[in-house]
Amino acid sequence: MPVTLNSTSEFPDPNSANADGLVAIGGDLGIDRLLAAYRRGIFPWTANPITWWSPDPRGILELDQFHVSRSLEKIIRQGTFTITKDQAFAEVIKGCAAPERRGVWITDEFIEAYTQLHRHGHAHSIECWQKGELAGGIYGVAVGGLFAGESMFHRADNASKVALFHLVQHLREHGFILFDLQMVTPATRPFGAVEISRKEYLRRLAEAVAKNCSF
């Protein structure tokens, strides 16, 4: 059974998750709690109530096996978009939470919590601009050599794909070794997203969080 957290309790072993990957319920979305979760291979998925998850299998993107299609290569070469880093985090997370996007789980509580993480240097965004307007982007959490991708969105065709490409390039250049996707989706599979066991993920996570990488 999932553990019920209070304001002081620590996370249980992620291997104690139920068949769906649910580890715990409750607690808060404060900075210390969120960082402790990511370090243990756990992430929040709902806010009312707060639920904490560690699925098995786990979706990741192998940084050295990232696949770029010929059509995307062409778009990148054309310079259709301007790319920035951490210049519009709030706009990116709100874009990911837009009500017209089906199945969105990013509530106001999540927006506030991850914006606080960003203000303290733990959450980051890559922005994709077209003609001075935000066309798409991606955001996530960096802990050591781990980058946990949370969500991406686009308002112009291919904008989120271009943002993902530049994020992967940035992570490679700065020594990150684990790009967590939580789960593989139709949007990430074409880029080379794969599933690994929770056991393997936690082994690689321990190596990643021990690194000292700067986003």
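The values are calculated or read from the model by the stated rules, or taken from the named source; none is laboratory data. Model, not experiment: these values are computed from the prediction. Counting neighbours? That spans all protein chains shown, and the Cβs are built from the backbone with ideal geometry, glycine included.
Considering the stretch 127-215, the qualifying strands (runs of 3 or more DSSP E), each wholly inside and each with 2 or more residues that are farther than 19 Å from Trp53 by Cα and aliphatic (A, V, I, L, M), run over 133-143. Within the stretch 47-70, being in contact (Cβ under 8 Å) with a residue 60 or more places away in the chain, of a type in the set (Ser, Thr, Tyr) and more than 17 Å from Gln169 (Cβ to Cβ) holds for one residue alone: Ser54.
Select from the stretch 33-55 the residues that are of a type in the set (A, V, I, L, M), within 14 Å of the chain's Cα centre (by Cα) and surrounded by fewer than 18 Cβ atoms within 10 Å (Cβ to Cβ) and list them in ascending order. Answer for the stretch 33-55, where residues must be of a type in the set (A, V, I, L, M), within 14 Å of the chain's Cα centre (by Cα) and surrounded by fewer than 18 Cβ atoms within 10 Å (Cβ to Cβ): just Leu35.
Of the residues examined, Ala17 is not one that is surrounded by fewer than 16 Cβ atoms within 10 Å (Cβ to Cβ) and among the aliphatic types (A, V, I, L, M). Restricting Thr84, Thr80 to those that are over 25 Å from Leu29 (Cα atoms), in the same structural domain as Ile177 (by TED's automatic domain parsing) and modelled with pLDDT under 95 reduces the list to Thr80. Using the structure shown, decide if Trp45 is touching a strand residue (DSSP E or B) at 6+ places or on another chain (Cβ under 9 Å), among the hydrophobic types (A, V, I, L, M, F, W, C), under 27 Å from Phe191 (Cβ atoms) and not assigned by TED's automatic domain parsing to the domain that holds Val141. Yes, satisfied.
Does Thr51 satisfy the condition of being among the hydroxyl-bearing types (Ser, Thr, Tyr), more than 27 Å from Ser16 (Cβ to Cβ) and at pLDDT 95 or above? For Thr51, the condition - among the hydroxyl-bearing types (Ser, Thr, Tyr), more than 27 Å from Ser16 (Cβ to Cβ) and at pLDDT 95 or above - is not met. Only one entry of Ala37, Ala90, Ala24 meets the criterion of being in a helix (DSSP H, G or I), in contact with a Ser or Thr (Cβ under 8 Å, 6 or more places away or on another chain) and free of Cβ contacts under 8 Å to residues at least 40 places away in the same chain, and that entry is Ala90.
Taking the condition in contact (Cβ under 8 Å) with a residue 12 or more places away in the chain and in a loop (DSSP other than H, G, I, E, B), does Ile106 pass? Against the criterion (in contact (Cβ under 8 Å) with a residue 12 or more places away in the chain and in a loop (DSSP other than H, G, I, E, B)), Ile106 qualifies.
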